[in-house]
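For reference, the structure is listed below as structure tokens.
The values are calculated or read from the model by the stated rules, or taken from the named source; none is laboratory data. Every value quoted in this text rests on a predicted model; they were computed, and no experiment measured them. In this analysis, Cβ positions are derived from the backbone assuming ideal geometry, glycine residues included, and neighbour counts consider all displayed protein chains. Side chains are part of the model used for accessible areas, which takes the heavy atoms of the whole protein and leaves out ligands, DNA and RNA. Shrake-Rupley method; radii C 1.70, N 1.55, O 1.52, S 1.80 Å.
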Amino acid sequence: MAATFQSLGASSSLSTPNSFDSKLFHVPRPKSLAERKGGSLFVRSDLFPDNGSKLKVGRAGNLAVNAVATKGHSSSTASKPGHEVLLFEALREGLDEEMQRDPCVCVIGEDVGHYGGSYKVTKGLATKYGDLRVLDTPIAENSFTGMGIGAAMTGLRPVIEGMNMGFLLLAFNQISNNCGMLHYTSGGQFTIPVVIRGPGGVGRQLGAEHSQRLESYFQSIPGIQMVACSTPYNAKGLMKAAIRSENPVILFEHVLLYNLKERIPDEEYVVSLEEAEMVRPGEHITILTYSRMRYHVMQAAKTLVNKGYDPEVIDIRSLKPFDLFTIGNSVKKTHRVLIVEECMRTGGIGASLTAAINENFHDYLDAPIVCLSSQDVPTPYAGTLEDWTVVQPAQIVTAVEQLCR
Amino acid sequence: MSLIQLSKNQSLHAALLLPVTNSVGAHLRRHFSSTETDTRTLTIETSVPYTGHKLEPPSRSVETTQKELLTFFREMSLMRRMEIAADSLYKAKLIRGFCHLYDGQEAVAVGMEAAITKKDNVITAYRDHCIYLARGGTLVGAFAELMGRRDGCSKGKGGSMHFYKKDSGFYGGHGIVGAQTPLGCGLAFAQKYLKEEHVTFTLYGDGAANQGQLFEALNMAALWDLPVILVCENNHYGMGTAEWRAAKSPAYYKRGDYVPGLKVDGMDVLAVKQACKFAKEHVLKNGPIILEMDTYRYHGHSMSDPGSTYRTRDEISGIRQERDPIERVRKLILSHDFATEKELKDTEKEVRKEVDDAIAQAKESPMPDPSELFTNVFVKGLGADAFGVDRKEIRTVLP
């Protein structure tokens, strides 16, 4: 089950199965690489259906099976050919480019320097930029997060890596009180342009403490932004945007997604921190997801299309604040919402999203929002049990069938 | 709790003051004037010798001038008066929430400031009113912030525990005990990263000295030779618990183990100044150092704490009689005829008036506008706005 999404590759692309509209068959230049105007780069996102910031692949042929792109069909992507990278390499590229561009960007974390990063995200950076800019810390999350925040108060832009997001629970005080609130309590005197990043989520039998989803714990902290990357393209773009943002940004990566491969543009691009990504436009139901669950959803979408459904899949990407604009437009079109997330049922991102959609778009809903989340249990070690903690594509298919009845 | 009471305790205890030399003339009577041409210097021995841990302590003889002593007197009186006034305002319910007063500990703030520049950074915990003042904060800014008004240093959104002044290197103002120590090391890290020849003073209390993050931060600071000076303001009580009940080893200056330490009499402003100067030079060459300031607070931990349930009133008044920092400076000034008693009293009156005026001005300041509830949550810029459902177009501009 978990192996299947690997074969999807990361070149998840899309086309509407309904109409062979020439409008949609335009040159799939990534929308995020827009007009360059005198030194500043605009990241422009148009309204639906020309969804922004996503590589599009035009496709001819039988539309019913074109729900999910598979590897090998990503030929005519951009004006330039681009290059293939794995997701962790994309993160590294983004980090490298930003470190080159701004000498104030530095990396702080365990094993990031000489070891190259436990997931190879910072490999080679220490040799390139030196030990001070890529700082190996002792195993003291609370204090090195605090140190990063203190450095940010003076104007440095540290990228703090938690080896696993779960370890950042030790730094919760620093993240909540100092990172999130200092800009407010100082009346705007200090900005904290940190990026806190790390892998989280349920992996391959890593055990309960190493399979945590911290987005649900951090989501209430005022003053921070949270984003979750899911493809090499948006990983690099979000990393760059997060580093350039003046706000503290928490970038959630996923342990199982580091080896996804995708072709990304050669030229520089950034991705907006508050936009959702339209993965697959559709008509019948809106499926909201993020991070690893995107791949489970796309897997389910294949089955659903075969059964005749037309799901619209949106990768929300921005966990705080929610991109209610994109989501709202989708809800207004399809009138049915399914949320698929990896957080636990209680107090997760899905719970907040359900509340937000209910409050804002209640009149547009034809059916109650269904939220598929992980079970409220510590993630067990046994493989079969672990599979049952997270949402599987079969459950998604069932949920869609029930909702669209 | 008034100035009258303070001056009553004044008596010339010669034993406390040991002037070693008096360089210019002998007991020339000079009236207090604020001219810059003052050249009378003085070398005073600190009342208590320094104790060092893994370092050679600085000399006990401190050089000072008439002007400096008079400035110290004025500044400390101002701080004392401000804290007493804050006490009254709190009881009048104009200041709410938590209010942690610094009276008794003024010598640490004033002495430290005399040894450093505004380019050096200072970060402390919640007992920050006087350090804010020492770093160049205004009385109006302080009182307005305490009363939650718009003209406060943090626009009324921070409160007593969140005073900041970025342009003079004062980084606050933090409510969680000990959480400022990693931040302070971060400030020092940035100074090292940007190759500035400045230092960071990270203040914490004897209560925070038992926090794990302090030792984590100490380890990293020593590992990377960060220019941080960790100052333990040991007022012997961590909230309501005496230090002997909370710490196995009350020798906080030794707790750094591999980090050198120095124990200083925190009620002697000249000793503090000397120690901080010494520390700054030491740290720029050798990496972090711990300074333990032996000081005392007259008030309780905060205004909700009477301060008398865990210590006796005799203890408090005993310290006030024998070690009060302002009295010490007053005696020094009077014994060397740097000013007359009347002049000092006039200074105190001026200071009192200044504080009263500032309070009146702060009271005039309006409450923050309701729209301020939502400002400064995020910074405007790339990926900043928390938007609603009617956004029509997104456009972000890269810096």
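Can you tally the net charge around B:D225? Count Lys and Arg as +1, Asp and Glu as -1, for every other residue whose Cβ sits under 10 Å from the Cβ of B:D225.
Numbers: positive: B:K192, B:K285; negative: none.
Once all neighbours under 10 Å are counted, the net charge is +2.
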* Kindly provide log₁₀ I(q)/I(0) values, in the same order as q = 0.12, 0.15, 0.24 Å⁻¹, from the Debye equation applied to equal alpha-carbon scatterers of the stretch B:137-212. => -0.41, -0.61, -1.04
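Which entries in A:K240/B:K118; B:K118/B:K331; B:K54/B:K263; A:K240/B:K155; B:K155/B:K345 show an alpha-carbon gap greater than 23 Å?
Numbers: A:K240/B:K118 34 Å; B:K118/B:K331 30 Å; B:K54/B:K263 12 Å; A:K240/B:K155 32 Å; B:K155/B:K345 35 Å.
From A:K240/B:K118; B:K118/B:K331; B:K54/B:K263; A:K240/B:K155; B:K155/B:K345, over 23 Å: A:K240/B:K118; B:K118/B:K331; A:K240/B:K155; B:K155/B:K345.
P(r) tail for the stretch B:180-323, what percent of Cα pairs lie past 21 Å?
Details: 4587 of 10296 pairs.
In whole percent, the long-distance tail amounts to 45.
Can you give the direction-averaged projected area of the convex hull of the alpha-carbon atoms in the stretch B:8-368, in nm²? If you can, show how the numbers build up before the last one.
Numbers: hull surface 70.4 nm².
Taking a quarter of the hull surface, the average projection is 17.6 nm².
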* What is the Cα coordinate range of the stretch A:181-235 on the first, second and third principal axes, sorted by size from largest, in whole angstrom? -> 45, 28, 14
* Between B:Y310 and A:S220, what is the spin-label point distance in nm, taking each point 7 Å from the Cα along the Cα→C-beta axis? -> 2.9
* Structure fact -> With Cα springs under 10 Å, the Gaussian network model of chain B assigns the largest mean-square fluctuation among B:P288, B:P370, B:P250 to B:P370
* To do: Determine the distance separating the Cα centre of the stretch B:88-123 from the Cα centre of the stretch A:74-143; give it in Å without decimals.
  => 42
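At a temperature of 25 °C and a viscosity of 0.890 mPa s, determine how fast the stretch A:79-229 diffuses translationally according to Stokes-Einstein, using the Kirkwood radius over alpha-carbon pairs as Rh; express D in µm²/s, rounded to the nearest whole number.
Values: Rh = 16.1 Å.
The calculation lands on 153 µm²/s.
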* Can you work out ³J(HN,Hα) from phi for every residue in the stretch B:269-285, in order, using Karplus 6.51 cos²θ - 1.76 cosθ + 1.60 and θ = phi - 60°, giving whole Hz and x for Gly and Pro? -> 5, 6, 5, 5, 4, 4, 5, 5, 5, 4, 5, 4, 5, 4, 6, 5, 9
* Residue separation times 0.36 nm, minus the C-alpha to C-alpha distance between B:E63 and B:S168: what's the value? -> 35.2 nm
* Once you've got the GNM for chain B with C-alpha springs shorter than 10 Å, pick whichever of B:V177, B:V377, B:V122 has the biggest mean-square fluctuation. => B:V377
* Structure fact -> Here the residues of the stretch B:204-223 whose accessible area is at least 50 Å² smaller with all protein chains than in the chain alone (probe 1.4 Å) are B:E216, B:M220
* Asked: B:A246 to B:Q321: extension gain in nm, 0.36 nm per residue of separation minus the Cα-Cα distance?
  -> 24.3 nm
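Could you give the C-alpha radius of gyration of the stretch B:292-384 expressed as a fraction of 2.2 N^0.38 Å, taking N as the number of residues it contains?
Working: Rg = 21.7 Å, N = 93, 2.2 N^0.38 = 12.3 Å.
In units of the 2.2 N^0.38 Å rule of thumb, it is 1.76.
Which GluC sites (Glu not before Pro) in the stretch B:214-305 pass both tests, a DSSP loop state and at most 14 other beta-carbon atoms within 10 Å?
Numbers: sites: B:E216, B:E233, B:E243, B:E281, B:E292; in loops: none.
Taking the stretch B:214-305 and a limit of 14 other Cβ atoms within 10 Å, no loop GluC sites (Glu not before Pro) are found.
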* Quick one: Cα centre-to-centre distance for the stretch B:303-374 and the stretch A:145-188, in angstrom? -> 35
* Carbon and sulfur atoms: what percent of the 1.4 Å accessible area of chain B do they account for? -> 55
* To do: Just give the residues from the stretch A:260-281 buried by at least 30 square angstrom of accessible area in the all-chains context relative to the isolated chain, probe 1.4 Å, and say none if nothing qualifies.
  => A:E274
* Structure fact -> Expressed in angstrom and rounded, the centroid-to-centroid distance over alpha carbons for the stretch A:278-347 and the stretch B:153-182 is 43
* Structure fact -> Taking Cα atoms, the helix B:341-364 axis meets the longest principal axis of chain B at an angle in degrees (rounded to 10) of 10
* What's the extension gain from B:K54 to B:T138 if we count 0.36 nm per residue and subtract their Cα-Cα distance? -> 26.3 nm
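Kindly compute the accessible surface that chains A and B hide from a 1.4 Å probe when together, both sides summed, and give it to the nearest 100 Å².
Values: alone 16080 and 19010 Å², together 29910 Å².
So the total buried area for this chain pair works out to about 5200 Å².
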* Asked: Peptide A:175-186: average number of partner chain Cβ atoms within 10 Å per residue?
  -> 6
* Which one of B:D87, B:D337, B:D167 has the biggest mean-square fluctuation once chain B is modelled by GNM with Cα springs under 10 Å? -> B:D167
* Structure fact -> Taking Cα atoms, the helix B:180-193 axis meets the longest principal axis of chain B at an angle in degrees (rounded to 10) of 90
